[in-house]
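The values are calculated or read from the model by the stated rules, or taken from the named source; none is laboratory data. The structure presented is a predicted model; accordingly, all values stated were derived computationally and were not measured. Ligands, DNA and RNA are stripped out before the accessible areas are found, and what is left, the full protein with its side chains, is counted by its heavy atoms. Shrake-Rupley method; radii C 1.70, N 1.55, O 1.52, S 1.80 Å.
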Amino acid sequence: MRKNIHDVRKNIADRKRRKGIPSANRTKSPVFYTPQDEELHGYPPLVVSDKLRNGTGKASSVLRVQAIASALFFLVILVSEQSQTAIAEAPRQWVSSQLQEEFPFAKATAWYSDRFGGPLQLVEPKKEKAAEEAALPVNGVVTQPFENHGKGIIMSIEKGEEVKAVKGGTVIFAGNDPETDKTIIIQHEDGTNTTYGLLSSIDVHLYEHIPSHETIGTLDEKETNEFFFAVEKDKQYLDPIEVIKVDEGS
């Protein structure tokens with residue numbers, strides 16, 4: 001009888017084992033659970049899924065790739081700055097020349113006037129006067145010719161007088177110059193710059209479009225007054241007297 005009971009129990013255990021049901025006499029391995037900090041302070045445990053863990057790993061990989069790329073980019077810039085080869089020097093020279101090149105304000109203003117019928121400027125334009133023959137900006141006597149210092153001429157004025165622009169153009173300088181004190185430089189459409197120095201007052205603004213023979217400054221009413229005038233083209237000074245003669249003959 002006991003043999004039959006033993007067989008029955010064995011058959012039941014075999015069936016449970018095949019169905020995956022743990023046997024009563026099988027010992028379970030203990031599971032130890034360590035509480036999280038959130039649980040110790042009374043908050044529910046933080047559950048992190050496998051997807052989030054995988055995402056964190058991917059983010060770390062992306063950060064590593066970005067750090068490596070940044071280091072390589074910095075290294076390339078450093079080598080380019082230190083390199084003295086023609087490949088690196090040519091772009092630097094081109095950028096430097098473009099920054100030093102004088103912008104053709106007068107040509108841009110003339111193009112704008114032809115296209116839209118009025119000068120492009122930041123200040124209120126002065127009324128155009130009738131065209132006059134080319135002449136020196138003031139009436140006076142040349143006391144220091146162009147040959148003296150190769151930049152311009154010095155004229156002596158016996159009384160106060162208005163200084164006029166010899167041609168229409170755009171003001172690219174209006175202020176104090178170390179050599180000629182109060183000075184105005186006007187850029188013209190033909191590529192020339194005219195300089196008016198040793199003025200008593202300046203009556204124009206920077207980047208203002210000036211019509212031909214417009215008053216741009218004054219000389220005080222002194223017994224004797226000096227006035228500086230220069231003409232420059234392609235970074236070379238020209239004799240103003242010769243330039244005026246050419247304009248009168250054309």
Tell me the accessible surface of D203 in square angstrom (1.4 angstrom probe, heavy atoms of protein chains only), to the nearest ten.
70
Which of the pairs K182/K222; K164/K235; K151/K233; K182/K245; K164/K245 have their Cα atoms more than 21 Å apart in this structure?
K164/K235; K182/K245
Probe 1.4 Å, all protein chains present, accessible-area order of K164, K235, K16, largest first
K235, K16, K164
Accessible surface, 1.4 Å probe, highest first, among residues K159, K167
K159, K167
Would you mind getting the Kirkwood hydrodynamic radius of segment 142-250 from its Cα pairs, rounded to one decimal in Å?
14.0
For segment 145-250, give the percent of accessible area contributed by carbon and sulfur heavy atoms, probe 1.4 Å, rounded to a whole number.
46
